[in-house]
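The values are calculated or read from the model by the stated rules, or taken from the named source; none is laboratory data. Computed from a predicted model, the values in this text were never measured in an experiment. Heads up, the Cβs are rebuilt from the backbone with ideal geometry, glycines too, and the neighbour counts pull from every protein chain shown.
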Amino acid sequence: MRRALLLIAAGCGSHEPARTPPPAPPPAAAGPKTIALPGGSDGLFLDYLAYDPAHHRVWVPAGGSGRVDVIDARTDQLSSIEGFPVKLVERRGQKRTVGPSSATVGDGVVYVGNRGDQTVCAIDATSLVKQGCVALDQSPDGLQYVAATKEVWVTTPRDKSIRVLDASAPDKPAAKATIQLDGQPEGFAVDNARGVFFTNYEDKDQTLVIDLKSHAITKTWQPRCGEDGPKGLALDQPAAHLLVVCPDHVETLDAAHDGAVLGTLPVGAGLDAIDLDPAHHLVVAAAGRAGKLAFATLQPDGTFGQTATVATADGARNAVITEDDRAYVADGKAGAILVIEGRR
């Protein structure tokens, strides 16, 4: 870890009293290490990553490569699970190949959403063997395992809905329910203790609270992110602090008191999904357009402490963090994962 050095020059024979040096800036995080992904030399569409703390593995659904890459966070050794269907799509006048794009850690399995064939598949978290899959009639976006109800909630923004999958048999996810919404869901977090699910309306600049059992929207909050709307979510469950990601900053909402804004963390343009190490209350946020990553401490009152920042790469986003505060960031343009040593 680099530490700032203060050099004090004193003139020869000077009789001036010693001056108190200014406080040193917070230590910067070390620069990124790059892990190249198979088939990524021309770039990959990388979206959500997931971290499995029980097995110390980072899960990387690697888009058009048709793979799910798994990185051992202790050694950075990479394994690949192959054979996921891909397809060519056109979005906003540009063509790209899509495939696996999201993951969430369940009970002994990791669920992977695939835009290539609109499926969600279970993969054994130890052996990395693909198990049962369920086909949807819409492309899956974000996935969130809900331990309280043994379900996987899947955001499907194209038809303004959330699909609920039965995960009571962890290796055999099955369609269970559809929650129809009035906007496009973006981002996800779950409070298993309080029995609620959080998502945003990206197209309406709103954050929703949904009851896990009744599927009713119980509260609607206004994060005021602007016309580009809120993006990702993260939750400090014991404190009931909900982190809402706006396009260039993160806000803390008091989920126990009607979503009052408690703190704001400026980061830079191009934020999407962020992550939180719950044990150390360390937030990691990668701003793709700004090309930088920020570490910040979430304080007990919901404000943010000092941050360390490090330059990443244009478009690098959607970081996850390990229990020893290493950040893994998706760098789709390079077809790689950036690894950054954090601090607290």
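Only one entry of K213, K231, K219 meets the criterion of being touching a residue at least 12 places away in the same chain (Cβ under 8 Å), in contact with a Leu (Cβ under 8 Å, 6 or more places away or on another chain) and assigned to a loop (DSSP other than H, G, I, E, B), and that entry is K231. Residue-level check: of (1) within 19 Å of A319 (Cβ to Cβ); (2) touching a strand residue (DSSP E or B) at 6+ places or on another chain (Cβ under 7 Å); (3) touching a residue at least 60 places away in the same chain (Cβ under 8 Å), G106 misses just (1).
One line per residue, one yes/no per condition, for (1) without any contact (Cβ under 8 Å) to a residue 24 or more places away in the chain; (2) among the aliphatic types (A, V, I, L, M); (3) not in a loop (DSSP other than H, G, I, E, B):
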| position | (1), (2), (3) |
| --- | --- |
| V164 | no, yes, yes |
| D171 | no, no, no |
| A175 | no, yes, yes |
| T178 | yes, no, yes |
| D182 | yes, no, no |
| E186 | no, no, yes |
| R194 | no, no, no |
| F198 | no, no, yes |
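A Cβ distance below 9 Å, combined with a sequence gap of six or more or placement on separate chains, defines the contacts here; from the range 117-141, residues that are surrounded by fewer than 16 Cβ atoms within 10 Å (Cβ to Cβ) and modelled with pLDDT of 95 or more reach residues that are polar (S, T, N, Q) and not in a strand (DSSP E or B) in the pairs A135/Q118; D137/Q118. Within the range 245-301, the set of residues being part of a strand (DSSP E or B), surrounded by fewer than 19 Cβ atoms within 10 Å (Cβ to Cβ) and of a type in the set (G, A, S) comprises A260 only. In the range 327-342, the residues that are in contact (Cβ under 8 Å) with a residue 24 or more places away in the chain form Cβ pairs under 9 Å with partners that are among the aromatic types (F, W, Y) and assigned to a strand (DSSP E or B), at six or more places apart or across chains, as follows: A327/F295; Y328/Y51; I337/Y328; L338/Y328; V339/Y328; I340/F295; I340/Y328; G342/F295. Within the range 65-80, does at least one residue satisfy the condition of being surrounded by 19 or more Cβ atoms within 10 Å (Cβ to Cβ) and closer than 20 Å to E186 by Cα? No, the range 65-80 contains no residue that is surrounded by 19 or more Cβ atoms within 10 Å (Cβ to Cβ) and closer than 20 Å to E186 by Cα.
When N318 is tested against (1) polar (S, T, N, Q); (2) surrounded by 21 or more Cβ atoms within 10 Å (Cβ to Cβ); (3) over 15 Å from the mean Cα position of the chain (by Cα), just one condition goes unmet, and that condition is (3). Residues in the range 84-128 that are assigned to a loop (DSSP other than H, G, I, E, B) and of a type in the set (G, A, S) were compared, and the one that is nearest to Y145 (Cα to Cα) is G106.
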